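Colleague: Encoded as structure tokens, here's the structure I'll be asking about.
The values are calculated or read from the model by the stated rules, or taken from the named source; none is laboratory data. Quick caveat: nothing in here was measured; it's all calculated off a predicted structure. Glycine also receives a Cβ, built like all others from the backbone with ideal geometry; neighbour counts cover every protein chain displayed. What goes into the accessible areas is simple: the full protein's heavy atoms, side chains included, and nothing from ligands, DNA or RNA. Shrake-Rupley method; radii C 1.70, N 1.55, O 1.52, S 1.80 Å.
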Amino acid sequence: QGGPLSAILFVLIYDPFLSSLLTTDGVDDVFGFCDDWQAVISNLQSIGDIRTLVEEFEAASGLQIHRTKTVWLATRTLSSEELSAILDAWPNAKLVDKQIVLGTPLGRHVLASEFCEKPLRIMYERIATYKRLRVSLGMRILIANTFLLPLFSYVNRIVLIPDDIRQAVSNAVL
């Protein structure tokens, strides 16, 4: 860990795991970033197969999946039978309605405004810092276009920024 080859060696053992996961029946898509991974599943019966694959990966690699950090994010209300199936296949499964993944809130109950909370907070913090500086109008425009408004570009790729938040940003920057 920490050596120059660590990242490459990790990818060499992690990528085949993700590829195997993707070929599992009922797994529609797989995403990996650093040591986090996500699987989109459409068939709860695949959970047992996923668990088997995870256990094989752990045995072969010596790495461990943090089951206490593992969450299941449902896109709809699950029946009691479905909940039982998940818990049978993945004991101590933690089911959540919302989850932050790479700074992005996900879940069926996430509001568009929740995507804007972090960029808004950062923008107001930066504005408080910049207000202490005595800068020209041209420099203020440069600061807004370079350091404030781009905070919302990623959010705007995912959701339409609500009118009240757009207005708050406009008022704060102008």
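Colleague: Looking at this structure, is residue 65 of a type in the set (A, V, I, L, M) and over 22 Å from residue 27 (Cβ atoms)?
Modeller: So residue 65 fails the test.
Colleague: Let me ask something additional. Take the stretch 41-70 and flag every residue that is at pLDDT 85 or above, closer than 25 Å to residue 97 by Cβ and exposed (fewer than 12 other Cβ atoms within 10 Å of the Cβ).
Modeller: 42, the sole residue that qualifies.
Colleague: Right, here's the next one. Residue 10: under 21 Å from the mean Cα position of the chain (by Cα) and assigned to a helix (DSSP H, G or I), yes or no?
Modeller: Yes: the conditions hold for residue 10.
Colleague: Do you know which residues across the stretch 104-132 are more than 19 Å from the chain's Cα centre (by Cα) and open to solvent by less than 90 Å² (accessible area, probe 1.4 Å)?
Modeller: Answer for the stretch 104-132, where residues must be more than 19 Å from the chain's Cα centre (by Cα) and open to solvent by less than 90 Å² (accessible area, probe 1.4 Å): 123, 126, 127, 128, 129, 130.
Colleague: Does the stretch 22-39 include one or more residues that are more than 16 Å from residue 74 (Cβ to Cβ) and in a helix (DSSP H, G or I)?
Modeller: The answer is yes, given that some residue of the stretch 22-39 is more than 16 Å from residue 74 (Cβ to Cβ) and in a helix (DSSP H, G or I).
Colleague: Separate question: Starting from the stretch 29-56, take each residue that is basic (Lys, Arg) and list its partners that are open to solvent by less than 60 Å² (accessible area, probe 1.4 Å), counting only C-beta distances under 7 angstrom and pairs at least six apart or across chains.
Modeller: These pairs meet every condition: 51/89; 51/90.
Colleague: If residue 79 passes every condition in (1) modelled with pLDDT of 85 or more; (2) open to solvent by 60 Å² or more (accessible area, probe 1.4 Å); (3) more than 22 Å from the chain's Cα centre (by Cα) but one, which one does it miss?
Modeller: (2)
Colleague: Then there's this: Of everything in the stretch 92-103, what is closer than 30 Å to residue 48 by Cβ and either open to solvent by 90 Å² or more (accessible area, probe 1.4 Å) or in contact with a helix residue (DSSP H, G or I) (Cβ under 9 Å, 6 or more places away or on another chain) (or both)? Give them in sequence order.
Modeller: Residues satisfying the conditions are 92, 93, 94, 95, 98, 100, 102.
Colleague: Can you pull out the residues in the stretch 17-39 that are on the phi < 0 side of the Ramachandran plot, open to solvent by less than 70 Å² (accessible area, probe 1.4 Å) and not polar (S, T, N, Q)?
Modeller: Listed by number, the residues that qualify are 17, 18, 21, 27, 29, 30, 32, 37, 39.
Colleague: Looking at (1) under 22 Å from residue 7 (Cα atoms); (2) assigned to a helix (DSSP H, G or I), which is the only condition residue 66 fails?
Modeller: That leaves (2) as the condition not met.
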